[in-house]
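S.K.: One structure is given below, represented as structure tokens, and several questions about it will come after.
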């Protein structure tokens, strides 16, 4: 099986080394192009539709994770990563191959054997949900310290220690301060849950609260909790039944 292949890495030396190593397997790899950042990689994948990409993670414009999240066409992925052992185990357990930088000839030989046993590339495109779950496990957590919100023609920066809770209504997510002010944000609840520090806890699909702003907890039905908040409006929130454990953990907090 000959794989049409694109190499995506912002380090020219890494691309050169990998290209040289892949050249030892002309019956397996047909290197049709390279890209030096995630945006360029995204464009070339959609246009050239390769069977396989070798993908770095830390790159300018779009990193490897962001590029994958935006792909419509999904080729087989082999990561070239400098991540730690925990991340490597996550790749391995999810049947996505990896190469630890700098790529070694002996390790690449194992990758080649794995590829030879997989059959047609189009029969083994990555399951998107499985990929997203894997990326969530190993993606570096970029903690926020403040959030930019728009008020009229001004951009305000709200410090996280001033935030009482976030809540979603329809397609919009609002930031609520301890003073009782409310601002529309450009974030989703999911993206906030990934980036916010541990002082925040998600209590439902539509709400995240600052632990220090919970005045009281009261058990409800079917694993739900009722929260009284300390903001100026004395807001009351209800947890989702599937998020009950997050609140039970607060007893130990």
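S.K.: Residue under question is residue 62, and the condition is that it be surrounded by 14 or more Cβ atoms within 10 Å (Cβ to Cβ), within 21 Å of the chain's Cα centre (by Cα), assigned to a loop (DSSP other than H, G, I, E, B) and assigned by TED's automatic domain parsing to the domain that holds residue 116; does it hold?
M.R.: When the stated conditions are applied, residue 62 passes them.
S.K.: Only residues that are in contact with a helix residue (DSSP H, G or I) (Cβ under 7 Å, 6 or more places away or on another chain) and at pLDDT 90 or above: list them for the stretch 215-235, please.
M.R.: 229, 230, 231, listed by residue number.
S.K.: Could I ask something else about it? What is the residue count in the stretch 165-192 for residues that are under 19 Å from the mean Cα position of the chain (by Cα) and surrounded by fewer than 15 Cβ atoms within 10 Å (Cβ to Cβ)?
M.R.: Here the count works out to 4.
S.K.: Kindly list the number of the only condition in (1) within 22 Å of residue 186 (Cα to Cα); (2) at pLDDT below 75 that fails for residue 155.
M.R.: (2)
S.K.: Shifting gears a bit: Identify all residues within the stretch 193-214 that are surrounded by fewer than 17 Cβ atoms within 10 Å (Cβ to Cβ), in contact with a helix residue (DSSP H, G or I) (Cβ under 9 Å, 6 or more places away or on another chain) and over 12 Å from residue 250 (Cβ atoms); write none if there are none.
M.R.: Result: 194, 197, 205, 206.
S.K.: Among 192, 184, which is part of a strand (DSSP E or B) and assigned by TED's automatic domain parsing to the domain that holds residue 239?
M.R.: None of the other options fit; the residue is 184.
S.K.: Return yes or no: is residue 231 part of a loop (DSSP other than H, G, I, E, B) and buried (at least 17 other Cβ atoms within 10 Å of the Cβ)?
M.R.: Spelling it out, residue 231 is indeed part of a loop (DSSP other than H, G, I, E, B) and buried (at least 17 other Cβ atoms within 10 Å of the Cβ).
S.K.: A further question on this structure: Of all residues in the stretch 82-119, count the ones that are outside any loop (DSSP other than H, G, I, E, B) and either more than 24 Å from residue 28 (Cβ to Cβ) or at pLDDT below 75 (or both).
M.R.: Residues in the stretch 82-119 being outside any loop (DSSP other than H, G, I, E, B) and either more than 24 Å from residue 28 (Cβ to Cβ) or at pLDDT below 75 (or both): 9 in total.
S.K.: If you don't mind, another one. Right, residue 78: within 24 Å of residue 21 (Cα to Cα), at pLDDT 75 or above and in a strand (DSSP E or B) or not?
M.R.: Yes.
The values are calculated or read from the model by the stated rules, or taken from the named source; none is laboratory data. Computed from a predicted model, the values in this text were never measured in an experiment. Here the Cβ is made from the backbone with ideal geometry for all residues, glycine too, and neighbour counts use every protein chain on show.
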